[in-house]
Amino acid sequence: MEELDSLLKEDRVFKPSSEFSRSARLQTFEDYKKLYQSAQQNPQNFWEKEAKDLHWFKPWKKVLTWDPPDAQWFIGGKTNISYNCLDRHLKTKAQKPAILWEGEPGDTKTFSFKELHEEVSRFSEVLKNLGFKKGDRVIIYMPMIPELAIAMLSCARIGLVHSVIFGGFSSSAIEDRLQDSKARLIITADGGYRRGKIVPLKDNVDQAIQKTPFVEKVIVYQRTKAPIKWNPLKDLWWHELMSKAKKGVDAIPLDSEDPLFILYTSGTTGKPKGVVHTTGGYIVGAHTTAKYIFDLKEEDIYWCTADIGWVTGHTYVVYGILSNGATTFMYEGAPDFPHKGRFWDIIDRYKITIFYTSPTAIRAFIQWGDDIPKKYRLSSLRLLGTVGEPINPQAWMWYHTLIGKEKCPIVDTWWQTETGTILISPIPGAIPTKPGSATLPFPGILADVVDQYGNPLPPNKGGFLVIKYPWPAMLRTIYGDHERYKKQYWSNFKGIYWTGDEARKDEDGYFWIMGRSDDVIKVSGHRLGSSEIESALVSHPSVAEAAVVAIPHEIKGQGIVAFVTLKGNILSSKELENELKQHVVTQIGALARPEHIRFAKQLPKTRSGKIMRRLLRQIASEGKVTGDTTTLEDISVVQTLSSQDEE
């Protein structure tokens, strides 16, 4: 009974255009298969070859030691991620833009690789002069400004372990992460801009450190010039410190397994867990996946819309892009301020060539209406990507048609904070795509779909998505809690990484993510993945977004409740509710027919844009929400849905 029933059928296939393939890194499906099969037979050889593309102060003695669940990569090797992102490009790309940036109010900055190198080496000197040394933890809590990347690269340059906190989090989230990491230094700003308002970052830090006396210093970047409280015993202005730093410091050789960063990711409940990534393996994974999956070219202007507070921002805004010597674009604000065409306007003005965003953002664009993107040319785009959660086939088609003008390949990427880098994705130019499928594993990644005993499942049988062999960028532990690491990720099947996702492989070996294991719905003895039912709902022309959850059912065991957001000015009605129920039956079968459909203007989401189905389950079954809501973007969305229950 642990198999997942797959009901979604998707037959559309899109081959890369010959024009794109001609200049791509991998040009045919045969090229991919040859590389993948070679890497599958000997993953260590593949990763070792890719590692040689980077700078090492000292070569490794051994590629991998694997004592499940503990891996070490490039043992004995010495490298530095800041050196690989900056110093090694100075001879050939000194004047090339490394970071292009636009603030929400419209202010702009450009840093060449030479200028970025100078800023980073000087800020490293600042950190060193303050007495911080290798292994010390540093909290970074800043808006999406270039100085956030500078702070990260400076920490990495001298072996400080950074932990970036998304600038939208509250003081309690900062306090939790401080208590866990025991960081002695916080780098922040007086504030940041979000939808025309100033986010009070320094005030949040001041509240958080009231209960963390071990914090010694707070470095404050002056972004908004808003009035802030000042503690002369702890607080230091970024610009004053930088005016005294003249020489800069060189990148120090770090052991491949030295910690690089801790990134906190929330559990379904309870306290956040600090995912630890190390230096050598992480940069090899970040550099290699960015190179192949985004098909990076010298002239590309690449934009990943993720905040750097998430792993996507770490790997594919900063480290993986700069290590390849590519130009990364950063934007501070929201996609709908001061108007809902801000992203498309940016693409046209900066001539963005690669655009990597989330399905959540795409569904919001769909809800706002097609007229908005149609006002813009978007002719510079050559590659699109999605990240964060499975993309519904209908949203994929909208993205392909309206944004990509049917000429841009879409890389639908599957990965996690824990994996560090993308594990399953099309390689553009080589792999035909199917709307809604992340397609095939990256070379060197041994992914599979298995039953509860760990046995591989036949095509189109849903089960547990697992990774059967270590990869360089994998997490090494949960900070301060190695037992939790072993139990959470490695206890289900010996020596096999448990992703927590459910999936199926089709007859071509393509992977289709069906939802989190926590979100599986059991109807009359059948296990249904949430994403397939949601995709059926989103395929209706009136629906912009949907989330489905289970409620107890006397006869079926569990019934399905769907929360639905409608497009534009479409109004909810009993007739539309019945139409949507029938639409699900027509699309994927009577088994998936929702018991109830609830219309909502918005769905509760984390600050990274993922729908919080746990809260929807509580609202549907209990009419209220309990437990941790600190990662929720807008608590009023939950309050509105809960009050509907009381009416």
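We did not get these values from a lab; they are worked out from the coordinates using the rules stated. Everything numeric here is computed off the predicted structure, so don't read it as measured data. All Cβ positions, even for glycine, are placed from backbone atoms using ideal geometry, and neighbour counts span all protein chains on display.
Annotations for the structure displayed:
- The gain in end-to-end length when the residue 38 to residue 491 segment is fully stretched comes to 160.1 nm, 0.36 nm per residue minus the alpha carbon separation.
- Backbone phi angles across the range 208-218, fed through the Karplus curve with coefficients 6.51, -1.76 and 1.60 (θ = phi - 60°), yield HN-Hα couplings of 5, 7, 4, 10, 10, x, 6, 6, 8, 9, 10 Hz in residue order; Gly and Pro are listed as x.
- The local environment of residue 476, defined by Cβ-Cβ distances under 9 Å, has a net charge of -2 under the rule Lys, Arg +1 and Asp, Glu -1.
- Counting only DSSP H runs of at least 4 residues, each contributing -39500 (n - 2.57), and dividing by the residue count of the chain, the helix-based mean residue ellipticity at 222 nm comes to -8500 deg cm²/dmol.
- Residue 545 long-range amide H proximity, modeled H, under 5 Å: 565
- The phi-based Karplus calculation (6.51 cos²θ - 1.76 cosθ + 1.60; θ = phi - 60°) puts the 3J(HN,Hα) values of the range 441-446 at x, 5, x, x, 10, 9 Hz, whole numbers, x for Gly and Pro.
- Estimated at 0.36 nm per residue, the fully extended path between residue 230 and residue 351 surpasses their Cα-Cα distance by 39.4 nm.
- Annotation for the range 490-573: GluC sites (Glu not before Pro) lying in DSSP loop with at most 11 further Cβ atoms inside 10 Å of their Cβ are 507, 554.
- Whole-Å distance, taken between Cα centres, linking the range 35-81 and the range 199-257: 35 Å
- Counting only alpha carbon atoms, the long axis of helix 279-293 and the longest principal axis of the chain meet at about 50°.
- Fewest-first ranking of 466, 311, using other Cβ atoms within 10 Å as the exposure measure: 466, 311
- Of the chymotrypsin sites (Phe, Trp or Tyr not before Pro) in the range 19-70, those whose Cβ has at most 13 other Cβ within 10 Å and which sit in DSSP loop: 57
- Distance from the Cα centroid of the range 475-546 to that of the range 560-597 is 23 Å (rounded to whole angstrom).
- Against the chain, whose longest principal axis is taken from its Cα atoms, helix 613-622 shows a tilt of about 50°.
- Gain in span if fully extended, residue 17 to residue 45, counting 0.36 nm per residue against the direct Cα distance: 7.0 nm
- Sparsely packed chymotrypsin sites (Phe, Trp or Tyr not before Pro) within the range 428-489, loop by DSSP, other Cβ within 10 Å at most 11: 453
- Exposure proxy order (Cβ contacts within 10 Å, fewest to most) of 184, 22, 223: 22, 184, 223
- Ranked by the mean number of other Cβ atoms within 10 Å of their residues, highest first, the peptides 273-284, 205-216, 439-450 come out as 273-284, 439-450, 205-216.
- Over all other residues within a Cβ to Cβ distance under 9 Å of residue 249, the charged ones net out to +2, with Lys and Arg as +1 and Asp and Glu as -1.
- Globularity ratio of the range 176-240, using Cα Rg and 2.2 N^0.38 Å: 1.11
- Rg in Å to one decimal, and Dmax rounded to a whole Å, for the range 251-320 via C-alpha atoms: 14.1, 45
- The candidate values were (i) 29.4, 103; (ii) 26.9, 83; (iii) 23.9, 74; the one computed from these coordinates for Rg and Dmax of the Cα atoms in Å carries the label (iii).
- Cα gyration tensor shape for the range 1-147, rounded if a/c is under 1.5, else prolate or oblate: prolate
- Between the Cα long axis of helix 574-588 and the first principal axis of the chain there is an angle of about 80°, rounded to the nearest 10.
- Arranged from fewest to most other beta-carbon atoms within 10 Å of their beta carbon, 619, 570 become 570, 619.
- Projecting the Cα atoms of 322, 597, 531 onto the charge dipole of the chain, computed from C-beta unit charges around the Cα centre, puts 322 farthest toward the positive end.
- Paramagnetic reach from residue 376 (point 7 Å along Cα→Cβ, amide N under 16 Å) across the range 322-352: 329-352
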